[in-house]
Each structure stands twice: as structure tokens, then as C-alpha cells.
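Encoded as C-alpha cells, the structure appears first; notes follow it.
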Amino acid sequence: MEGSYLRILMMCGMLALLLCGGCWVFAWKHLRRRIDERFDVLSEHLERHAAECPIRKEHLLASCLPADPERKGNGSFHRSFRASYPGFLPALRERVPGITPAEETLCMLIKMNLSNREIADKMSISIGSLHTTRYRLKQKMPPEAAKGMDEWVRAIE
């Protein structure tokens, strides 16, 4: 009798635990969906009013950047950049074969018209490391692009 009571009690406990876990997963997914929806609305709003706003969208995006855009799981920076410049990354990958993710991030920050100091801060690297990354990127670029790399990157649509 006592064994069956203990079994029933354990089953009820497991059921309660599963129910709480399921509710937590549901709430988490709902919260993530709401955050993504709000982000999409803000991105659309930024696109619609980019021409009307006196502040350039590059500066708005730069102010929203985390300290380390290279950090894994940081899709918001890449998502907002792709929303502002939808054809940039595919065109860059086509023109610069073998480009690494760090070099892509560097090009995105160049496209946003950030200075070397700001780029180094956003990528959490030293100025020397930034120059090394820029040098390696220039080696992969076409010869005409390597001479005026920043202007060439900014001209990509």
C-alpha cells in the first residue's frame, strides 16, 4: 500500500515538473517571438524614415552595436545590417572569394563609415590586429580595390 502511494506521488511530481517545464518553454518561445517582431518593426521603421531623419542610419546602427559584433549568437547586428543593406554581403562574397566572417564584419563596419578606432573597439581588437586583418583582406581583393579599399567597400550595394 505504501509503495503504490509513493509511486503515485512520484508520478504526480514528474507530471508537475513536466507541466512547469512545458509552460516555461512556451513562455520563452513567445517572448522570443515578441522580441523578434518588435525588432522587425523597428527595422522597417528605420528603413521607411531613413531619408527623413537628419541622423544617418549608419550612426544609428553603430550606436546599437554591441561591444563585440563577432560574438557567437549575436544575430541582431547582422540582421539589422542585412535589413539596411540587403545586397551587400552577397555582392561582397562574390567579389572577394574566400572572405572570412571576421573580414565580412570588418567590411560591414567600413560600410557603416566607422573610423579605424571605432572598428577596433567594436571588434574588440587592437589597432595593430585591425591593420593585419585589413592587410589580409586586401590580399584577397582585386588589385583595383586594394588601393582604395574603404571607398571600394562603401561603393558595394
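The values are calculated or read from the model by the stated rules, or taken from the named source; none is laboratory data. Since the model is a prediction, treat every value here as computed from it, not as a measurement. Here the Cβ positions follow ideal geometry from the backbone for every residue, glycine too, while neighbour counts run over all protein chains shown.
The table that follows gives values for the structure above.
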| item | result |
| --- | --- |
| Test: residue in the stretch 57-74 that is more than 15 Å from the chain's Cα centre (by Cα), modelled with pLDDT under 80 and surrounded by 10 or more Cβ atoms within 10 Å (Cβ to Cβ) | yes |
| Any hit, the stretch 18-28, residues being in contact (Cβ under 8 Å) with a residue 40 or more places away in the chain and closer than 26 Å to Arg79 by Cβ | no |
